[in-house]
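*Asks:* Would you mind keeping the following structure in view while I ask a few things?
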Amino acid sequence: MDLFDYADELDYGELHFKVNPETGLHAIVAIHDLTLGPAIGGCRFIEYDTTDDAIRDAMRLGRGMTYKAAITNLPHGGAKSVLARPKNLDAHQRVEIIDEFGEFVDSLDGDYITAEDSGTSVEDMNRIGEKTDYVLGRGPDKGGSGDPSPHTATGVRRGLEAAVKFDLGRDDLDGLTVAIQGVGAVGYHLAKQLHERGVNLVVTDVDQSSVDRCVEEFGAESVEPDEIYGVDCDIFAPCALGAILNDGTIPELKCDIVAGSANNQLAESRHDAQLMERGITYAPDYLVNAAGLIYVASFYSGEGSEAAAERIDGIYDTMLEILQRADAENKPTGHVTNQIAEERIQAARD
């Protein structure tokens, strides 16, 4: 990967790196765009095979956060940070890395506001909050929003309901079948909300305990991870890793709608058109999963949880508008969503 070519391709932005061999810190902060305001994006703390993989992950996700803020009319830019998790990480080393990362965030003078993501927790945000004010998602006892997962799930459900209204002409979900890939934090809360609305659930996860919980609590059917794509269902809900909609998996799908919380679900932008060609309605991921950002951002702005709830509920109307526009223009939904976000960013630049 040529770093500058990739930055040009994604219309970046800023890249910040910090390394400390003594603690094992290898940190990347990818600030995609600041046009709409200070950039918000979570911090990932996971293992990567290569440095290129870590950089690419941060940059793709950072760009997605810019579009997510724009499509939901939030006054923020987009960013993402990555902490490359050392092998054989012990508890003491983890604390050192988190502390040092907090200082790194503070050194960026508010251009980047960090938050929870894969591999980090509310407790980590509390600790980062001891080093900087530019952090969201701290525990309620620390004046923060706490875990945004239930709110993210609510936004996914509203986006999913809009797709059902558009594609199936239904105002309810009762009796539909939803196959959920990944029932950890967001996926579990989504399964709970769907179960309460009479949905039949098929679930999978690499963590068997998460699957067992959904089977026990919601009467869900379980399948192996590689079988989820071929499940005969109304809606496929990817709630785990990205790039899962690709040349290999799209032909396997037996659903009418794809709507889930995972970031960067399309392996390549052309896969949106491939879904369209198969007659599958794709609910663009960065709108569907925007409720977590909306919720934590409300604490930064001081708007509060009631205003956040209204914005989250508005995902339904925005999704319906995008689906209708895409249909009228005979364009893939992801293309239309990107176009709207880019129009809003360009208007702010102008």
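The values are calculated or read from the model by the stated rules, or taken from the named source; none is laboratory data. Every value quoted in this text rests on a predicted model; they were computed, and no experiment measured them. Reconstructed Cβ throughout: ideal geometry from the backbone, glycine too, with neighbour counts over all protein chains shown.
*Asks:* Could you tell me which numbered condition C239 fails, if it satisfies all but one of (1) surrounded by 17 or more Cβ atoms within 10 Å (Cβ to Cβ); (2) closer than 22 Å to A58 by Cβ; (3) modelled with pLDDT under 95?
*Replies:* Single failed check for C239: (3).
*Asks:* Of these, V122, V135, which one is touching a strand residue (DSSP E or B) at 6+ places or on another chain (Cβ under 7 Å), at pLDDT below 95 and not aromatic (F, W, Y)? Let's see the steps before the verdict.
*Replies:* Details: V135 fails: at pLDDT below 95.
Going through V122, V135 in turn, the sole match is V122.
*Asks:* In addition: Filter the stretch 204-216 down to the residues that are surrounded by 13 or more Cβ atoms within 10 Å (Cβ to Cβ) and assigned to a helix (DSSP H, G or I) and list them by number.
*Replies:* S210, V211, D212, R213, C214, V215
*Asks:* A further question follows. Using the structure shown, decide if Y67 is modelled with pLDDT under 95 and among the hydroxyl-bearing types (S, T, Y). Write out each step before concluding.
*Replies:* Details: modelled with pLDDT under 95: no; among the hydroxyl-bearing types (S, T, Y): yes.
No: the conditions fail for Y67.
*Asks:* State all residues of the stretch 260-306 that are surrounded by fewer than 21 Cβ atoms within 10 Å (Cβ to Cβ) and within 13 Å of the chain's Cα centre (by Cα); if no residue qualifies, say none.
*Replies:* Passing the criteria: only N264.
*Asks:* Something else: Check R60, R85 and return the single one that is surrounded by fewer than 21 Cβ atoms within 10 Å (Cβ to Cβ), under 23 Å from the mean Cα position of the chain (by Cα) and farther than 18 Å from D124 by Cβ.
*Replies:* Criteria check complete, one pass: R60.
*Asks:* Please pick out the residue among A91, A115, A84 that is small (G, A, S), free of Cβ contacts under 8 Å to residues at least 60 places away in the same chain, assigned by TED's automatic domain parsing to the domain that holds D11 and closer than 22 Å to R63 by Cβ.
*Replies:* Selected residue: A84, the only one of A91, A115, A84 that is small (G, A, S), free of Cβ contacts under 8 Å to residues at least 60 places away in the same chain, assigned by TED's automatic domain parsing to the domain that holds D11 and closer than 22 Å to R63 by Cβ.
*Asks:* Find the residue count for the stretch 292-327, including only residues that are closer than 20 Å to A163 by Cα and outside any helix (DSSP H, G or I).
*Replies:* Total meeting the criteria: 1.
*Asks:* Do you know which of the residues in the stretch 68-82 that are in a helix (DSSP H, G or I) and buried (at least 24 other Cβ atoms within 10 Å of the Cβ) is farthest from the chain's Cα centre (by Cα)?
*Replies:* Across the stretch 68-82, the extreme among qualifying residues is A70.
*Asks:* Could you tell me whether the stretch 6-27 includes any residue that is hydrophobic (A, V, I, L, M, F, W, C), crowded, with 16+ Cβ neighbours inside 10 Å and closer than 23 Å to V122 by Cα?
*Replies:* The answer is yes; a qualifying residue exists.
*Asks:* On to the next question. If a residue has to be in contact with a Gly (Cβ under 9 Å, 6 or more places away or on another chain) and in a strand (DSSP E or B) to count, how many in the stretch 16-60 make the cut?
*Replies:* Residues that pass the stated criteria total 13.
*Asks:* Does the stretch 95-112 contain at least one residue that is on the phi > 0 side of the Ramachandran plot, in contact (Cβ under 8 Å) with a residue 12 or more places away in the chain and either β-branched (V, I, T) or outside any helix (DSSP H, G or I) (or both)?
*Replies:* Yes; the residues of the stretch 95-112 include at least one that is on the phi > 0 side of the Ramachandran plot, in contact (Cβ under 8 Å) with a residue 12 or more places away in the chain and either β-branched (V, I, T) or outside any helix (DSSP H, G or I) (or both).
*Asks:* Do you know which residues across the stretch 328-350 are touching a residue at least 60 places away in the same chain (Cβ under 8 Å) and in a helix (DSSP H, G or I)?
*Replies:* So in the stretch 328-350, the residues touching a residue at least 60 places away in the same chain (Cβ under 8 Å) come out as 332-335, 337-338, 340-342, 344-345, 348-349.
Within the stretch 328-350, T333, G334, H335, T337, N338, I340, A341, E342, R344, I345, A348, R349 meet the criteria.
*Asks:* Now a separate question. Of these, L194, L190, L173, L201, which one is part of a helix (DSSP H, G or I), buried (at least 19 other Cβ atoms within 10 Å of the Cβ), more than 15 Å from the chain's Cα centre (by Cα) and modelled with pLDDT of 95 or more?
*Replies:* It is L194.
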